[in-house]
Structures are given as C-alpha cells and as structure tokens.
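Heads up: the structure comes next, in structure tokens.
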Amino acid sequence: MDINGRNFTKFLDRKRKYDKQNSKEAAEKQHSKGKLLAYERIEILFDKGSFEEIDAYVTPAFIEKGFGKMTSSYGDGVVIGHGLISGRLAFAYAQDFNVMGGSLGAVHAAKIQKIQNMALKMGAPLVGLIDSGGARIQEGVASLAGYAGIFFRNVQSSGVIPQISVIMGPAAGGAVYSPSITDFVFMVSKTSHMFVTGPNVVKEVLNEDVSFEDLGGADVHARKSGVANMIYDDEENTLLGVRKLLSYLPANNLENPPYLCPSDAEKDVEEKLRDIVPDDANKPYDVKDVINLIFDKGSFYEISELYAQNIVIGFGRLNGKTIGVVANQPKVLAGTLDINSSMKSARFVRFCDSFNIPILALEDVPGFLPGVDQEHSGIIRHGAKLLYAFADATVPRITVILRKSYGGAYCVMNSKNLGGDFNYAWPTAEIAVMGPEGAVAILYRKELAESEDPAKLKKELAAKYRNEIANPYIADEKGFIDEVIDPAVTRKKLISAFDALENKHVNVPSRKHGNIPL
Ligand code: HXC
C-alpha cells in the first residue's frame, strides 16, 4: 500500500496486526472481569493525547529449550512510554494480561527496565500498572533475571524519583516485589490480588483452603499486611487517585513539591480548634478534624487510611505548600504507638525527607502500647524506626502537642531534642514522664497501701499531678517547647514557621548510609 507514493505496506501491516491485539474481543475479555485494557488504563492516567508509546513492536525472546507454548505478539505483553500527568512529565509501564497472562519474559523485562532507566535519567515519576502472573514459566531463568534487574533499578531510583505501583489484576510471585520496593502501592477492590505463593501452593504445602480474596485481596493488604497504601472500588478511580497523589509530589529529589494557590476563603483564625480536645483527658476525638481545620480546604489526602489507624499519615497543603502530616489518632487504641503504626509512619517520614516535603507532627499519645504480644514481636526494634526516621530527617520539621505527650512517645514524636525545628503545645497539652495514674501508683505506693480509701487518695493525687506537672508550662519555661499557642491560631503559626524554615540547610556527617533498625 502506498502513502503519498511511498511503499508503506510493511509499516501498515504491522500496525494492523498490532491494533488487532487490542481489538474489541481483547477488550471484552478484560471488561468481562471488570478490568480495562492496558491502553485504556494509560488513557485515564495521562493527560488526554499526551502519551507516547515506545517499543510497541518488539517481539518475545526466541527460546531454544522451551516448555509450553509462547504467544507471538507485538510488545511482549507490556506497554511502555511517557506522557503528561496534570501537565508534568511522567513515565509508565502497563502490563497486558491478554498476552500470556501479563507474565514477565526477557523482552518484557527489558522494556520495563528501559523505562525505569529513562525515568531515572530524566528525573520524573514512574508509574507501573501491574496485571501479571509473575515470571514467565516458558522462559525460565531469563524471567527471573528480568525481575532481578527490575528490583535493582527500583532500588537505584528509591529516594530519587517517586515510584508508584498500581495493582490491577493478579500480581503473583515475582510481580509483588517491585511494588513493595516502590513508594506507594494502589490496589483495586475485588479485581486485584497480590501474593508470593497462590492459593494452590498454599493448599499443596499447608493443606489449607484459602480464596484469592482472603489470601491477597485489596482489603487484606490495605487493612492487615499494610502492603497496599490506597484502595479504590474501580480502575478509573484508582488511576485518578494516582494523579491526585502525584499532584503533591516533586518530580525528583532535587526539586521542591509543586505549589498550588490556596483559595481566598482560607481562614487564619479557626475558633473551632479550641473546642476539639475534650475536657476529659480520657475522652477520644478525631484528629482528622484538627488536620482538616489546619490545612488548606479539602487538601488533605490520607495515605494508608485502613492500616494501623492509631496513626494518621498523609499529604496536605498549608498556604499552597505540600506538607506531610503524622498525627496520633486518639480515637483508635487511644493513639498509642504500636509496631504497625511505628512502621507505617516511619516509612512515610522517610519518603517526605527523600522528596523535600516538610513534616508536621500532631501529637496526642499516651505512650507505647503495652503487652506481651507487642514486646515479643519487637516493639523495641520497630518503635525505634520512627524515632530514627524523625531524627534522621533534614526537611523542616514542626510538632504541635495537642494533648498527651508522655514518656518515650514524647521523645519519638519529633521532639525538640530529636531535631524538631519548632515545637508548639496547646494549653491542653500534658507533657510528663508518664500519665497521672501511673505516676501516682509508683511515687505513692506506700501511702496508697496504707490509706483507708486508696481510690479517693489516688484520684486526688492524680488531679494534683495533672494540675502541677502534666501541663505544657513546665516544658515551655524550660525551653523544651518553643511556645504554648492558642489552638485557634495554629494554622497561622504553622504557615509562618514553615516559611521561616524554607531555606533550612543541615550538614550531615559524611557516611555511606545510616543503619536504620529495619
Ligand atoms: C506463563 C502464564 C503465567 C506465567 C499465567 N499465564 N501465569 N504464562 N507464565 N507465570 C498464562 C496462562 O497459561 C494462560 O494462558 C493465561 O496466562 C491466563 O491465565 P489463566 O490462568 O487462564 O487466568 P486466571 O484464571 O485469571 O488466573 C491468573 C493467575 C494464574 C492467578 C495469575 O494464571 C496463576 O496462578 N498463574 C501462576 C502464578 C504464579 O504462581 N506465578 C509465580 C511464577 S514464579 P492461555 O494461553 O491459556 O491464555 C515467580 C518467581 C519470581 O514469579 C521470583 C522473583 C523474586
């Protein structure tokens, strides 16, 4: 066939064959499972018409000694390329389940590695859309080597460019480890599953029956394992979620996060903040109310909402600037720090620090969660992660103590001596070595034992302790916090403090890297 007198037959034949791969029948196969084609997903992820594909016509590797059949296809089951997300450059790969179950062979892996190299070189985020049965069995060790090469690049890119994985079908075997190295994992409810070994292997090895959903569904990974940071009900909303997350992030570790002009209606004085913390120190409240009243309207985007709900993490904007927030949640487990909440928040602090995102800690924590289970599972080691992450972070760091700040938890939650730049407290703050009841029980053990009415005496002593010791004024007078503030002006104070820290620079001692208690 000629175009303008030139013979383009081969060019057009290839295109026709390629288009057939993504025909109506192929689409129906995916749609019947509630899933979209790789191209349809890319269209939602990127700004309209901005995606440019490369390597569309590569073919699968030739295998001399194979087992099972190989499908001859263009692209080898993965689409790679670049485009714009909200006007900013991003790279992506999207696996095509219709080609050998999205399994990863040598050429498929080489394509993913190529786009990883490009994203790193160009300093732009990489999004992986995963829909894969794992290592391609027919290609044997070449598939395993392909995965190892991807993991290597994930690690090289870690802390340099944001890496996001979106699970949109199975992610089995080798397909799970790249996501777990990347910064954020999105999953789609019901249609995506992640597991190292599937239900069949579980049955064979352990003789246990478990469904795909119970073993590695989105809900399990969002609530129990913590592997999934974000889950959505369908693919479109999942991909829109990725676009939203990227709007808070810089393209790489040498840039600052994007600025988004706040609305005119933002209030600098918010009286409602004065009433959020209840008079009764044991009464819970929702720290998300505080977050929403401090940040620019509607700007709070929570991460890992369903996992370790005793701590809240996420991104928001303060006068247009991206801020990462770590807040104890008094509504769940009284806001205590346990293993899961320490790990959740430590990784988030590390992410913010890697990408020049200032951190705000909102503190109301009675201490670490006591118990044999926590101690035996390593709360010492895991709690230290959060401590380490805060102390190691060189981005601007501010703490506001809303209420309880007792014991080790005082130290851990970005205290002044851990390198916090500005530490404020509300008048409702209780700062002390331990809570009133515990302190009284230790200091007045003898008196309580000898008392005719120990309960009454304990109550009186606890009230005295709360009044005289567990308040913010001793810490303020000794300079352990910078100021006790009126809750209503918290937003204003924070905007001004983060502005003052804009050019913060810290000289870190020369070393290969620290040794965080992993
Ligand atoms: C080659 C594969 C494949 C694989 C699926 N297919 N997985 N081909 N290698 N790993 C092919 C199937 O043969 C089938 O081909 C097509 O993809 C669709 O698969 P179905 O089984 O029909 O689909 P479905 O019922 O939806 O089940 C999807 C699935 C299942 C859950 C992913 O296929 C499955 O369990 N696959 C194996 C998963 C697994 O154990 N992977 C681990 C590999 S080892 P046809 O021609 O019939 O359409 C590994 C180790 C790496 O990854 C370690 C690195 C650290």
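The values are calculated or read from the model by the stated rules, or taken from the named source; none is laboratory data. This is a predicted model, so every value here is computed, not measured. As a convention, Cβ positions derive from the backbone with ideal geometry for all residues, glycine included, and neighbour counts pool all protein chains shown.
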* Which one of the conditions (1) within 30 Å of L245 (Cβ to Cβ); (2) of a type in the set (G, A, S); (3) without any contact (Cβ under 8 Å) to a residue 12 or more places away in the chain does A109 fail to meet, given that it meets all the rest? -> (3)
* How many residues, within region 199-213, are assigned to a helix (DSSP H, G or I), of a type outside the set (K, R) and within 13 Å of the ligand (Cβ to nearest atom)? -> 8
* Residue list for region 213-231, restricted to those being touching a Leu at 6+ places or on another chain (Cβ under 8 Å) and crowded, with 18+ Cβ neighbours inside 10 Å -> A222, M230, I231
* Structure fact -> Per the list (1) free of Cβ contacts under 8 Å to residues at least 24 places away in the same chain; (2) under 23 Å from the mean Cα position of the chain (by Cα), residue check on V412 breaks on (1)
* To do: Would you please name the residue that is farthest from the chain's Cα centre (by Cα), looking only at residues in region 451-495 that are exposed (fewer than 14 other Cβ atoms within 10 Å of the Cβ) and aliphatic (A, V, I, L, M)?
  => A455
* To do: Taking the options P427, P358, name whichever one is buried (at least 21 other Cβ atoms within 10 Å of the Cβ) and in contact (Cβ under 8 Å) with a residue 40 or more places away in the chain.
  => P358
* Structure fact -> In region 153-189, residues that are more than 30 Å from G68 (Cα to Cα) and in a strand (DSSP E or B) total 7
* Which ones in region 251-304 are at pLDDT 95 or above and of a type in the set (S, T, Y)? -> Y285, S299, Y301, S304
* **Answer from A393, A425, A462 - the residue that is hydrophobic (A, V, I, L, M, F, W, C) and out of contact with any strand residue (DSSP E or B) (no Cβ under 9 Å at 6 or more places or on another chain)** => A462
* Enumerate the pairs (first residue in region 176-193 and closer than 20 Å to F351 by Cα and small (G, A, S); second residue anywhere and more than 11 Å from the ligand (Cβ to nearest atom) and assigned to a helix (DSSP H, G or I)) with beta-carbon separation below 7 Å, excluding pairs fewer than 6 apart on the same chain, so at least 6 apart or on different chains. => S178/N154
* **Hey, V269 touching a helix residue (DSSP H, G or I) at 6+ places or on another chain (Cβ under 7 Å) and either assigned to a strand (DSSP E or B) or not hydroxyl-bearing (S, T, Y) (or both) or not** => yes
* To do: Take I231 and decide whether it is β-branched (V, I, T) and over 18 Å from the mean Cα position of the chain (by Cα).
  => no
* To do: For region 366-387, state whether one or more residues are aromatic (F, W, Y), outside any loop (DSSP other than H, G, I, E, B) and under 25 Å from I323 (Cα atoms).
  => no
* If only one of V160, V196 is touching a residue at least 12 places away in the same chain (Cβ under 8 Å), away from the ligand (no atom under 16 Å from the Cβ) and touching a helix residue (DSSP H, G or I) at 6+ places or on another chain (Cβ under 7 Å), which one is it? -> V160
* To do: Determine which single condition I150 fails, assuming it passes every other condition in (1) within 20 Å of the chain's Cα centre (by Cα); (2) within 14 Å of the ligand (Cβ to nearest atom); (3) part of a helix (DSSP H, G or I).
  => (1)
* **Among the residues listed as A171, A251, A228, the single one being within 28 Å of A148 (Cβ to Cβ) and either within 16 Å of the ligand (Cβ to nearest atom) or among the polar types (S, T, N, Q) (or both)** => A171
* Asked: Considering region 101-141 alone, what residues qualify as being more than 10 Å from the ligand (Cβ to nearest atom) and in a loop (DSSP other than H, G, I, E, B)?
  -> G123, A124, P125, G140
* How about region 354-370: which of its residues are at pLDDT 95 or above and over 27 Å from V484 (Cα atoms)? -> S354, F355, N356
* Take the residues in region 75-100 that are touching an Asp or Glu at 6+ places or on another chain (Cβ under 8 Å), within 16 Å of the ligand (Cβ to nearest atom) and assigned to a loop (DSSP other than H, G, I, E, B), then tell me which one is nearest to Q138 (Cα to Cα). => V99
* Out of the residues in region 7-40 that are out of contact with any helix residue (DSSP H, G or I) (no Cβ under 6 Å at 6 or more places or on another chain), modelled with pLDDT of 90 or more and not small (G, A, S), state the one that is nearest to the ligand (Cβ to nearest atom). => K33
* Counting only residues that are over 27 Å from G217 (Cα atoms), give me the strands (runs of 3 or more DSSP E) lying completely in region 297-353 with at least 2 of them. => 311-318, 321-328
* Asked: Would a scan of region 259-266 turn up a residue that is without any contact (Cβ under 8 Å) to a residue 12 or more places away in the chain, in a loop (DSSP other than H, G, I, E, B), surrounded by fewer than 14 Cβ atoms within 10 Å (Cβ to Cβ) and not aromatic (F, W, Y)?
  -> yes
* Asked: Only one residue in R88, R41 is over 29 Å from H193 (Cα atoms), surrounded by 14 or more Cβ atoms within 10 Å (Cβ to Cβ), in contact (Cβ under 8 Å) with a residue 40 or more places away in the chain and of a type outside the set (F, W, Y). Which one?
  -> R88
